[in-house]
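A.B. asks: Starting off with a structure, shown below.
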Amino acid sequence: MHTGRFAPTPSGELHLGSLCTALGSYLRARSLGGRWLVRIEDLDQERCRPEHTDSILRVLEAHGLEYDGDVICQSRRRERYLQVLAELKGRDLVYPCSCSRKRIRELGGIYDGYCRNGADPEAARVSMRFRNPGTVCALDDVIRGRITAAPRESSEDFILLRSDGTPAYNLASVVDDHDQGVSEIVRGADLLPVAPRQMNLMHALGYPVPGYLHLPLILADPQHKYSKQNLAPPVSPECPGKNLIAALRCLGQKVPDDLIGAHPEELLRHAVATFTPQAIPTEDIIIPPEDLGSRDR
């Protein structure tokens, strides 16, 4: 069965960009008669808050975006990630790294494999990196077609365990998608660069590779996407119909005039029945925050 998922980070409330991602993944799964899961990616305890998790789930429910099964929180799955890390370590596919973030920034942001032959023995803390074989450097995207990444990026030895002992996003996300049976990943285009790296990790673990559909980013202006870090205005659960219409239009989906002002369930029924992935834009979309109030007119 087709299985999709929405995996927000609870570092703030849902904004238009994250609602578009939730809606896009929901429509794709439901239009194919599949399951739609919600996973909370809350490994970063400094940024994530339980109240934001509660708020995200309330907003999804207010917009009629009903999910299947129980919500999984990554903060409760640490032992599972460490189990997979130990498996990789036993096969010499991970190694300790003592390089600082400053050094990697000075390299242009791409790690050069400096510690492959041994980390600094005097380092107080080390991270654990994947010994990336770099065999995968391309993927097929539902709306973007064949995408080839720069070999230097796709073959980077990326971090699986941070120096503070926290499992990294790339490890947790790959393990969770496998364990939950996710068959296609629908997410924002800002995560396109990590896909080939994650696919290399999937291959190393013997996991099946899911399909991909990367949605356009919603930008407040040409330099800033809607994000919690940029203090994007949250979507209000008090006007779900207006929010859904704005998100549907961002996804290139048509909304008939007679559905303006309709109940969320009615909007979603129509959207699922008429969902057209090929209509989703591949270019990012600029919507100044002050224009949000007019998107339903």
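A.B. asks: Collect the residues in region 242-256 that are without any contact (Cβ under 8 Å) to a residue 60 or more places away in the chain and more than 12 Å from A271 (Cβ to Cβ), keeping them in residue-number order.
C.D. replies: Across region 242-256, the qualifying residue is only K242.
A.B. asks: Among the residues of region 78-89, is any in contact with a Leu (Cβ under 6 Å, 6 or more places away or on another chain), surrounded by 13 or more Cβ atoms within 10 Å (Cβ to Cβ) and not aliphatic (A, V, I, L, M)?
C.D. replies: Yes, that holds for at least one residue.
A.B. asks: Could you look through region 1-37, keep only residues that are part of a loop (DSSP other than H, G, I, E, B), touching a residue at least 60 places away in the same chain (Cβ under 8 Å) and surrounded by 23 or more Cβ atoms within 10 Å (Cβ to Cβ), and pick out the one that is farthest from the chain's Cα centre (by Cα)?
C.D. replies: Among those residues, the one meeting the criterion is L14.
A.B. asks: Still on this structure, I have one more. So if I check each of R125, R131, R152, which one is surrounded by fewer than 20 Cβ atoms within 10 Å (Cβ to Cβ), over 28 Å from L37 (Cα atoms) and in contact with a Lys or Arg (Cβ under 8 Å, 6 or more places away or on another chain)?
C.D. replies: R131
A.B. asks: Filter region 155-214 for residues that are within 27 Å of Y26 (Cα to Cα), buried (at least 20 other Cβ atoms within 10 Å of the Cβ) and polar (S, T, N, Q) and give the result.
C.D. replies: The answer is S173, Q198, N200.
A.B. asks: Here is a further query. Which one is surrounded by the fewest Cβ atoms within 10 Å (Cβ to Cβ) among residues in region 44-68 that are touching a strand residue (DSSP E or B) at 6+ places or on another chain (Cβ under 6 Å) and either of a type outside the set (F, W, Y) or at pLDDT below 95 (or both)?
C.D. replies: Step by step, filter region 44-68, then rank; the result is D68.
A.B. asks: On to the next question. Scan region 229-236 and give yes if some residue there is farther than 16 Å from I143 by Cβ, modelled with pLDDT under 90, polar (S, T, N, Q) and surrounded by fewer than 12 Cβ atoms within 10 Å (Cβ to Cβ), otherwise no.
C.D. replies: Yes - at least one qualifying residue is present in region 229-236.
A.B. asks: Of everything in region 237-267, what is basic (K, R) and loosely packed, with under 13 Cβ neighbours inside 10 Å? Give them in sequence order.
C.D. replies: K254
The values are calculated or read from the model by the stated rules, or taken from the named source; none is laboratory data. The shown structure was predicted, so the numbers you read here are calculated from the model rather than taken from an experiment. Glycine gets a Cβ as well: all are built from the backbone with ideal geometry, and neighbour counts include every protein chain shown.
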